[in-house]
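Below is one structure; the comments refer to it alone.
The values are calculated or read from the model by the stated rules, or taken from the named source; none is laboratory data. These numbers come from a predicted model, not from an experiment. Glycine gets a Cβ as well: all are built from the backbone with ideal geometry, and neighbour counts include every protein chain shown.
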């Protein structure tokens with residue numbers, strides 16, 4: 001079973017592309033979705049994060065992500081401490097996902113990981129797919145998200161590798177700057193290529 005990493009810069013269109021792979025019947029692991037579950041009421045990250053950062057646990061017992069994000073913007077070193085808590089929890093969920101996919105006989109899986117290349121995790125996968133869109137397109141998309149500002153976009157974008165480096169490090173690039181059907185055609189073509197690849201790539 002091949003492991004296909006799906007990455008790309010902020011608001012490049014990773015989730016859209018991941019959804020298209022899922023539509024083709026391919027199991028998709030969404031690291032951001034897992035984090036949302038970990039931060040939700042009853043999530044396993046709530047208690048340790050609440051101890052780390054005061055005032056971020058909401059009345060219903062979840063993590064106030066907007067407040068936590070604001071604290072990180074004020075103290076960049078805090079991000080490393082948060083990652084030390086959250087990453088092992090995400091890794092555990094990833095292992096469960098891979099075991100389930102292997103048991104069901106999936107030909108390959110897609111693991112959506114935004115900071116894959118920044119974290120040096122490319123070698124853990126058989127293929128790396130980067131989703132690309134120009135910065136202005138990504139900025140326009142990002143600013144439509146709740147709580148996003150131009151300053152926050154610039155800070156988050158600066159933490160990621162430049163688009164040119166991501167494309168150079170990827171086995172395949174999907175251009176997600178066009179209309180959805182154009183993107184879907186690229187995903188279908190890549191899907192066929194992956195299915196026809198030998199087990200060892």
Exercise for the section: Would you check if there is a residue in region 82-95 being in contact with a strand residue (DSSP E or B) (Cβ under 7 Å, 6 or more places away or on another chain), surrounded by 12 or more Cβ atoms within 10 Å (Cβ to Cβ) and at pLDDT 90 or above? Expected result: yes
Exercise for the section: With the checklist (1) more than 23 Å from residue 170 (Cβ to Cβ); (2) in contact with a strand residue (DSSP E or B) (Cβ under 9 Å, 6 or more places away or on another chain); (3) in contact (Cβ under 8 Å) with a residue 40 or more places away in the chain in hand, flag the one item residue 126 doesn't pass. Expected result: (1)
Problem - Residue within region 106-119 that is surrounded by 14 or more Cβ atoms within 10 Å (Cβ to Cβ) and without any contact (Cβ under 8 Å) to a residue 12 or more places away in the chain present - result: no
Handout entry: Output for region 7-54, where each listed residue is assigned to a loop (DSSP other than H, G, I, E, B) and surrounded by fewer than 18 Cβ atoms within 10 Å (Cβ to Cβ)
Key = 24, 25, 40, 41, 42, 44, 54
